[in-house]
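Structure first, then comments.
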Amino acid sequence: MRVLAVPIAWSVRPRVDVARFAADALVDAHAPTIRAPSDTPCVRVGVVFPQTESGTDVGAVRDYLRAVEQLGYVHVVAYDHVLGADRSSRPDWKGPYDARSSFHEPFVFFGFVAAVTQLEVAPAVIVLPQRQTALVAKQAAEVDILARGRSRLGVGLGWNTVEFAALGMSFTNKNRRIEEQIALMRRLWTEPIVDFAGRWHRVDRAGLNPLPVQRPIPVWMGGSAEDALRRIARIADGWFAQYVPNENGRATFERFRGYLRDAGRDPSAFPIEGRVSIARIEGGPDEWAKMAHAFRDELRCTHLEINTMGMGHASLADHVKTLARFAVEAKDLFD
């Protein structure tokens, strides 16, 4: 068998055998690219780790991550679910995931990512109100250290009442509680000793050690309801958006940027990540690229995440092949 190894950018890492990761596509992805005009906005392109289809082969996960990095993607996103509900005992269950859905724990997973690549890591999103605030702050700080400051912490409200109950957290006050959680985490990341007395939290002259590289770690938020959009505009450092570049998406982005202005913030300086879910796009790689360009040009996203789940892939190698095809077709986005 012929083996193609693509050397990665820094000398201390071992080379990766990418023969099973569509060698021709990998080579094409590094061919000379078409330079975008100088007035074209820059966009950072990452991937959604296909957690529900990834399996537990550590070597395959490592090879996936290194191949993604070699293709030019700069960050990896992971979803968060601690427990899945038994759908068979809940005939009215409408959640997109259940006990059969596989999820690697994001903080532990990102420690592994940091050890084998230089990818930026970003959970999208940690369900913050179902977790202990100080513990999340500690875990995020550790990930930021291991990733040498290449991290963002994405947080959101969550929807799974079964999960909240199992973790001993209230579902009903999550909308109000998340703001206090974020305020406390920011203090824990920037002050060696914190004295905090809030409605739901008390930290009595204590602190994290070591502190993260970034002080504070950027807190991005997910959400789509109007109240959530207003909250994101007020307190978040970035938005994980769940809209596509159609009439509704364009209108929502304009409303959101209005909320930013209402909060005294500059919409042109606020980062937004769009999700390109390839399985939902009719057509081949050229249509995937058109959709990605629409996120950049019409919605003015600063970041993109490419989601390859739901395409019927049998292995992580198949996911890499799809990402390689996208990288070739949308090569100007990787400048």
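Here is a yes/no grid of residues against (1) among the acidic types (Asp, Glu); (2) in contact with a helix residue (DSSP H, G or I) (Cβ under 8 Å, 6 or more places away or on another chain); (3) within 22 Å of PRO192 (Cα to Cα):
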residue: PRO106; (1), (2), (3): no, no, no
residue: ALA114; (1), (2), (3): no, yes, no
residue: THR117; (1), (2), (3): no, yes, no
residue: VAL136; (1), (2), (3): no, yes, yes
residue: ASP144; (1), (2), (3): yes, no, yes
residue: ARG148; (1), (2), (3): no, yes, yes
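For the range 129-143, give me each residue that is farther than 15 Å from TRP220 by Cβ and in a helix (DSSP H, G or I). Result: PRO129, GLN130, THR133, ALA134, LEU135, ALA137, LYS138, GLN139, ALA141, GLU142.
When LEU135, LEU128, LEU71 are checked against the criterion of being aliphatic (A, V, I, L, M) and in contact with a Phe, Trp or Tyr (Cβ under 9 Å, 6 or more places away or on another chain), LEU71 stands alone in meeting it.
Of ARG257, ARG205, which residue is of a type in the set (Lys, Arg) and over 23 Å from GLU305 (Cβ atoms)?
None of the other options fit; the residue is ARG205.
Restricting the first member to the range 116-132 and to residues that are within 16 Å of VAL45 (Cα to Cα), and the second to residues that are in a loop (DSSP other than H, G, I, E, B) and small (Gly, Ala, Ser), the beta-carbon pairs closer than 8 Å and six or more apart or on different chains are GLN118/ALA9; GLU120/ALA147; VAL121/ALA147. Scanning the range 282-300 for residues that are in a helix (DSSP H, G or I) and surrounded by 13 or more Cβ atoms within 10 Å (Cβ to Cβ) returns PRO285, GLU287, TRP288, ALA289, LYS290, MET291, ALA292, HIS293, ALA294, PHE295, ARG296, ASP297.
Among the residues examined, TRP220 qualifies as modelled with pLDDT of 95 or more, outside any loop (DSSP other than H, G, I, E, B) and touching a Lys or Arg at 6+ places or on another chain (Cβ under 6 Å). So for the range 320-328 (the condition being more than 19 Å from PHE49 (Cα to Cα), buried (at least 18 other Cβ atoms within 10 Å of the Cβ) and either within 18 Å of the chain's Cα centre (by Cα) or at pLDDT 95 or above (or both)), does at least one residue qualify? Yes: one or more hits.
Could you grab the pairs with beta carbons closer than 8 Å, sequence gap of 6+ or different chains, first residue in the range 164-181 and among the hydroxyl-bearing types (Ser, Thr, Tyr), second one assigned to a helix (DSSP H, G or I)? From residues that are among the hydroxyl-bearing types (Ser, Thr, Tyr), the pairs are SER170/PRO129; SER170/PHE164; SER170/ARG177. Put simply, of ALA134, ALA67, ALA78, ALA85 the only residue that is buried (at least 18 other Cβ atoms within 10 Å of the Cβ), at pLDDT below 95 and either out of contact with any strand residue (DSSP E or B) (no Cβ under 6 Å at 6 or more places or on another chain) or under 22 Å from THR308 (Cα atoms) (or both) is ALA85. Within the range 240-247, is there a residue that is free of Cβ contacts under 8 Å to residues at least 40 places away in the same chain and in a loop (DSSP other than H, G, I, E, B)? The answer is yes; a qualifying residue exists.
Every residue in the range 88-128 that is part of a helix (DSSP H, G or I) and either more than 15 Å from the chain's Cα centre (by Cα) or surrounded by fewer than 19 Cβ atoms within 10 Å (Cβ to Cβ) (or both), please.
SER88, SER89, VAL108, GLY111, PHE112, ALA115, VAL116
Taken across the range 193-200, residues that are among the small types (Gly, Ala, Ser) and surrounded by 14 or more Cβ atoms within 10 Å (Cβ to Cβ) do occur, with at least one present.
Per this entry, ARG176 is counted among residues that are assigned to a helix (DSSP H, G or I), among the charged types (D, E, K, R) and either at pLDDT below 95 or surrounded by 13 or more Cβ atoms within 10 Å (Cβ to Cβ) (or both). When PRO32, PRO37, PRO41 are checked against the criterion of being assigned to a loop (DSSP other than H, G, I, E, B), at pLDDT 60 or above and more than 20 Å from the chain's Cα centre (by Cα), PRO41 stands alone in meeting it. Put simply, of GLY264, GLY249, GLY274 the only residue that is crowded, with 16+ Cβ neighbours inside 10 Å, more than 20 Å from VAL76 (Cβ to Cβ) and not hydrophobic (A, V, I, L, M, F, W, C) is GLY249.
Scanning the range 181-211 for residues that are touching a strand residue (DSSP E or B) at 6+ places or on another chain (Cβ under 9 Å) and either assigned to a loop (DSSP other than H, G, I, E, B) or of a type in the set (Asp, Glu) (or both) yields ILE193, ASP195, ASP204, GLY207, LEU208.
The values are calculated or read from the model by the stated rules, or taken from the named source; none is laboratory data. If you're wondering where the values come from, they're calculated on a predicted model, not measured in any experiment. Virtual Cβ from ideal backbone geometry, glycine too; neighbours counted across all protein chains shown.
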